[in-house]
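Peer 1: I have a structure here, written as structure tokens, and I will follow up with some questions on it.
The values are calculated or read from the model by the stated rules, or taken from the named source; none is laboratory data. Owing to the predicted nature of the structure, the values given are computational and were not obtained by experimental measurement. Glycine also receives a Cβ, built like all others from the backbone with ideal geometry; neighbour counts cover every protein chain displayed. Calculation scope for accessible area: heavy atoms of the full protein, side chains included, ligands and nucleic acids excluded. Shrake-Rupley method; radii C 1.70, N 1.55, O 1.52, S 1.80 Å.
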Amino acid sequence: MGEIFTRLIKMPSRIKGYTAIDNDGNYNIYLNEQLSQEQQRKTYLHEMAHIARGDWDKASVEDAEKDI
């Protein structure tokens with residue numbers, strides 16, 4: 001597994017965060033800077049669960065979001 005980088009960025013309010021894998025195999029977690037610290041923490045843990053589960057191998061976003 002690559003490194004994990006976390007960034008706060010401006011996003012539409014309906015998006016809490018997301019994770020992308022870059023060309024070097026690193027995970028980049030993007031959190032909505034407009035969220036409270038507590039919601040950012042919850043979103044970070046949610047995104048880390050996706051990384052731990054290897055959800056990039058899932059067939060769909062719906063499959064990746066199950067049980068998190």
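Peer 1: Among the numbered criteria (1) modelled with pLDDT under 95; (2) more than 10 Å from the chain's Cα centre (by Cα); (3) open to solvent by less than 90 Å² (accessible area, probe 1.4 Å), which one does Asp57 miss?
Peer 2: (3)
Peer 1: Return the residues of the range 35-50 that are more than 11 Å from Thr6 (Cβ to Cβ) and hydrophobic (A, V, I, L, M, F, W, C); say none if nothing qualifies.
Peer 2: The answer is Leu35, Leu45, Ala49.
Peer 1: Here's another thing I want to ask about it. Output the number of the condition that Gly17 fails; it satisfies all remaining conditions of (1) at pLDDT 95 or above; (2) open to solvent by 100 Å² or more (accessible area, probe 1.4 Å).
Peer 2: Just one mismatch for Gly17, condition (2).
Peer 1: If you scan the range 20-50, which residues turn out to be open to solvent by less than 20 Å² (accessible area, probe 1.4 Å) and modelled with pLDDT under 95? Give the steps one after another, and end with the answer.
Peer 2: Initially, the range 20-50 is screened for residues open to solvent by less than 20 Å² (accessible area, probe 1.4 Å), giving 28-29, 31-32, 43, 47, 50.
Residue satisfying the conditions is His50 alone.
Peer 1: Let me confirm something: among Glu47, Glu33, Glu38, which residue is of a type in the set (Asp, Glu), farther than 18 Å from Asp57 by Cβ and in contact with a strand residue (DSSP E or B) (Cβ under 9 Å, 6 or more places away or on another chain)?
Peer 2: Numbers: Glu47 fails: farther than 18 Å from Asp57 by Cβ; Glu38 fails: in contact with a strand residue (DSSP E or B) (Cβ under 9 Å, 6 or more places away or on another chain).
Only one candidate passes the filter, namely Glu33.
Peer 1: Within the range 1-23, track down each residue that is touching a residue at least 24 places away in the same chain (Cβ under 8 Å) and acidic (Asp, Glu). If you could, list the steps in order and put the result at the bottom.
Peer 2: Within the range 1-23, the first condition is being touching a residue at least 24 places away in the same chain (Cβ under 8 Å), and the residues that meet it are 1-10, 16-19, 21.
Glu3, the sole residue that qualifies.
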